[in-house]
Amino acid sequence: QVQLVESGGGLVQAGGSLRLSCAASGSIYSIVAMAWYRQAPGKQRELVAAITNGGRTNYADSVKGRFTISRDNAKNTVYLQMNSLKPEDTAVYYCNTPVGIFPWGQGTQVTVSS
């Protein structure tokens with residue numbers, strides 16, 4: 001069964017940057033699209049970025065131009081580079097496929113102070 005482990009979160013000031021990583025076990029990882037989600041307190045989980053196995057990307061309007069999703073299939077890892085962070089980016093960030101077929105990991109907390 002595929003397991004997802006997110007890391008790289010932390011506390012950063014507005015305008016700062018973080019790079020999140022999602023390591024996945026299981027050989028199926030390299031043949032599926034992957035995505036990053038986030039869930040802020042009291043809000044529903046939302047998809048913020050997705051990447052196909054061929055490298056095509058898609059972003060939520062709220063992060064377009066600031067976040068970059070990438071993947072390294074050899075390492076079974078997907079990344080989320082987050083620049084120009086805003087307080088409203090504060091959330092727990094998760095990775096999964098665009099339809100969430102794998103068991104959810106613990107996520108990684110991102111806190112942006114103003």
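The values are calculated or read from the model by the stated rules, or taken from the named source; none is laboratory data. The model shown is predicted, which means the values in this text are computed figures rather than measured ones. For accessibility, only protein heavy atoms count, side chains too; no ligands or nucleic acids. Shrake-Rupley method; radii C 1.70, N 1.55, O 1.52, S 1.80 Å.
Cross-link partners among lysines for residue 64, C-alpha distance below 17 Å, same-chain residues fewer than 8 apart left out?
Cross-link targets: 86.
Given a cut-off of under 8 Å on Cα pairs at least six residues apart, what relative contact order in percent is computed for the chain?
Computed over the chain, the figure is 37 percent.
Ranked from the most accessible area to the least, with a 1.4 Å probe and all protein chains present, what is the order of 88, 6, 46?
So the residues, ranked largest to smallest area, are 88, 46, 6.
Quote the accessible area belonging to residue 43 in square angstrom, nearest 10, computed with a 1.4 Å probe and with ligands, DNA and RNA left uncounted.
Accessible area of residue 43: about 140 Å².
Can you give me the % of accessible surface on the chain that is carbon or sulfur? Probe 1.4 Å, all protein chains present, nothing else counted.
48 percent
Skip the ligands, DNA and RNA, and give the accessible area per residue of region 1-90 with a 1.4 Å probe, whole Å².
So region 1-90 comes to 54 Å² accessible per residue, rounded to a whole number.
May I ask you to evaluate 6.51 cos²θ - 1.76 cosθ + 1.60, the Karplus curve with θ = phi - 60°, for each residue of region 39-56 and list the ³J(HN,Hα) values in order in whole Hz, giving x for glycine and proline?
9, 8, x, x, 10, 6, 5, 10, 7, 10, 7, 9, 9, 7, 5, x, x, 6
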